[in-house]
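Working notes, structure below.
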Amino acid sequence: MKPLDITALETATRMALAGGHRLLQTHKLSANDESHAWYLLKAMQPPEGAMILDAGCGIGELSRLMSEKRPDLTFILANLSLMQLELCPVAPQYRRLHADCHDLPVRDEMVDVVMFASAISQMEAKFVLHEAARVLKPGGVVFLAEMVRLGGDAAEFERVTTAHVHTFAELEGYAAAAGLKLDFGFTVDSDDSHFRGLLREIGQEALLDPIRLAIMRFIKG
Ligand SMILES: C[S@@+](CC[C@H](N)C(=O)[O-])C[C@H]1O[C@@H](n2cnc3c(N)ncnc32)[C@H](O)[C@@H]1O
């Protein structure tokens, strides 16, 4: 994978914010951000008082919405983009971490949950899942809300969007190799209209046809 183009990412962030988009996700379960976040939180099932590492946190909006529903949770907001981190919420339950999720400055077995939401396709999935497993307590959870590919050409999708979209089975395999057992996982119909509109502008809308949102919950053995 090409290294993340921070300048392009930060330009895209400014455009998203100008368009009123604070959740920087390709697929949503509801037109309403609160409902989307609540659905993901219910599926994640973090234990009472859990510390969640939000891997590739954007501007921290998903964590902020989850915190509104579950004030007992604390969040480590991990991101390579300083500009996005500066836009993250400031309150005692959030800690900002300027870091690469392939090599987290977090000690072993520290957190209860690592969540990736529209983020793992910008990372090397097999390496970040190992890193997630390392920082998780035994019995901890890795939670994914990520694009998966039912078929189609991963290379062409990556060439156009820079995102590398795996199949469900590939993600499950990388997780298993990291010692993470699938608790449950499924693909779900979701709203990709914003992302679809951007691809339509460049004549590439069809690239999204074999792409679905997958919800996957893994437990560290
Ligand atoms: C599409 S955005 C998703 C943001 C966020 N999860 C949300 O739901 O709004 C992907 C995020 O991953 C971050 N990212 C990409 N590669 C990263 C890496 N290697 N380490 C840390 N963050 C990374 C980007 O800066 C961006 O914040």
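The values are calculated or read from the model by the stated rules, or taken from the named source; none is laboratory data. Bear in mind that the values here come from a model prediction, so they are computed numbers and not experimental data. Neighbour counts are summed over all protein chains in view; Cβ atoms, including those assigned to glycine, are modelled from backbone coordinates with ideal geometry. To get the accessible areas, we keep the full protein, side chains included, count just its heavy atoms, and leave off ligands, DNA and RNA. Shrake-Rupley method; radii C 1.70, N 1.55, O 1.52, S 1.80 Å.
In table form, for the structure just shown:
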read-out: Residue under evaluation ALA91, criteria (1) over 26 Å from LEU182 (Cβ atoms); (2) among the small types (Gly, Ala, Ser); (3) in contact with a Leu (Cβ under 7 Å, 6 or more places away or on another chain), criterion not met; value: (3)
read-out: Subset of the range 105-122 (residues that are in a loop (DSSP other than H, G, I, E, B) and either touching a Cys at 6+ places or on another chain (Cβ under 6 Å) or under 11 Å from LEU53 (Cα atoms) (or both)); value: VAL106, MET110
read-out: Some residue of the range 65-74 being within 17 Å of ILE215 (Cβ to Cβ), in contact with a Cys (Cβ under 6 Å, 6 or more places away or on another chain) and hydrophobic (A, V, I, L, M, F, W, C); value: no
read-out: Exclusive hit being within 18 Å of the chain's Cα centre (by Cα), open to solvent by less than 50 Å² (accessible area, probe 1.4 Å) and modelled with pLDDT of 95 or more, set ASP112, ASP100; value: ASP112
read-out: Pair list, Cβ under 9 Å, 6 or more apart: the range 199-221 residue closer than 13 Å to VAL188 by Cα, other residue assigned to a helix (DSSP H, G or I) and of a type in the set (Gly, Ala, Ser); value: ILE215/ALA43; MET216/ALA175
read-out: Matching residues in the range 1-59 - criterion: being assigned to a loop (DSSP other than H, G, I, E, B), polar (S, T, N, Q) and open to solvent by less than 50 Å² (accessible area, probe 1.4 Å); value: GLN25, THR26, SER30
read-out: Residue in the range 77-125 that is nearest to the ligand (Cβ to nearest atom), counting only those that are in contact with an Asp or Glu (Cβ under 7 Å, 6 or more places away or on another chain) and among the aliphatic types (A, V, I, L, M); value: LEU80
read-out: Hits in the range 77-88 (condition: in contact with a strand residue (DSSP E or B) (Cβ under 8 Å, 6 or more places away or on another chain), surrounded by fewer than 19 Cβ atoms within 10 Å (Cβ to Cβ) and in a loop (DSSP other than H, G, I, E, B)); value: LEU80
